[in-house]
Amino acid sequence: MLQRLPLMLAALWWGGISALSFLAVPLLFAQLGSPAVAGPVAAKIFSLQCWAGIVIGGLLLVLLKRGEPTPEAFTTLGLVCLALLLALLQEFGVAQKIVTARASGGNLRLWHAVGSLMVLGQWLCTAAVLWRLGAGPRSTQPG
């Protein structure tokens, strides 16, 4: 069971980003109509998504570190670290900039774009991790 746990965690991480960022949040803005109403709810969703990514990323680092030290394993660990870093930067950097820009009339468009790029980066990294873990060890693949 422990061998498949990293795959399941990667699927949860990627699926969570996919469902929340590309389905729930746009639907929220479409249904609530007002960005002033939908924005704070979306911010809470993104914060929860970041925290989930931080927890899942940490678990993946622990579980994947136990494996065999191959170049493929280091690449996968690097992708997990990058996604984890993006989640941390989004939660503790960009989210605060968005709140400040909204309150002070700062460059809200810029910080939303940066946050969106960070979400996209996390999504791409977690997709690559999921793809790599789903492929299994190279020695078991048919040649």
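The values are calculated or read from the model by the stated rules, or taken from the named source; none is laboratory data. Keep in mind that what you see is a predicted model, and the values were worked out from it rather than measured. Positions of Cβ are generated from backbone atoms using ideal geometry, with glycine treated the same way; all protein chains shown enter the neighbour counts.
Just give me the residues in region 71-88 being out of contact with any helix residue (DSSP H, G or I) (no Cβ under 6 Å at 6 or more places or on another chain), free of Cβ contacts under 8 Å to residues at least 40 places away in the same chain and over 23 Å from Ile45 (Cα atoms), in sequence order. Those that are out of contact with any helix residue (DSSP H, G or I) (no Cβ under 6 Å at 6 or more places or on another chain), free of Cβ contacts under 8 Å to residues at least 40 places away in the same chain and over 23 Å from Ile45 (Cα atoms): Pro71, Ala73, Phe74, Gly78.
When only residues in region 91-118 that are aliphatic (A, V, I, L, M) and over 27 Å from Trp14 (Cα atoms) count, which is surrounded by the fewest Cβ atoms within 10 Å (Cβ to Cβ)? My answer is Ala103. Answer with yes or no whether Pro26 is at pLDDT below 95, out of contact with any helix residue (DSSP H, G or I) (no Cβ under 7 Å at 6 or more places or on another chain) and more than 26 Å from Ile98 (Cα to Cα). Answer is no for this residue. All told, Leu9 falls short of being touching a Ser or Thr at 6+ places or on another chain (Cβ under 8 Å), more than 23 Å from Gly115 (Cβ to Cβ), of a type outside the set (Ser, Thr, Tyr) and free of Cβ contacts under 8 Å to residues at least 60 places away in the same chain. Taking the numbered list (1) exposed (fewer than 12 other Cβ atoms within 10 Å of the Cβ); (2) in contact with a helix residue (DSSP H, G or I) (Cβ under 7 Å, 6 or more places away or on another chain) in turn, Leu60 passes all entries but (1). Here Ala30 clears all of (1) surrounded by 12 or more Cβ atoms within 10 Å (Cβ to Cβ); (2) over 11 Å from the mean Cα position of the chain (by Cα); (3) not polar (S, T, N, Q) except the condition numbered (1).
Looking at region 89-118 only, could you name the residues that are touching a Leu at 6+ places or on another chain (Cβ under 8 Å) and without any contact (Cβ under 8 Å) to a residue 60 or more places away in the chain? Within region 89-118, Ile98, Ala101, Met118 qualify.
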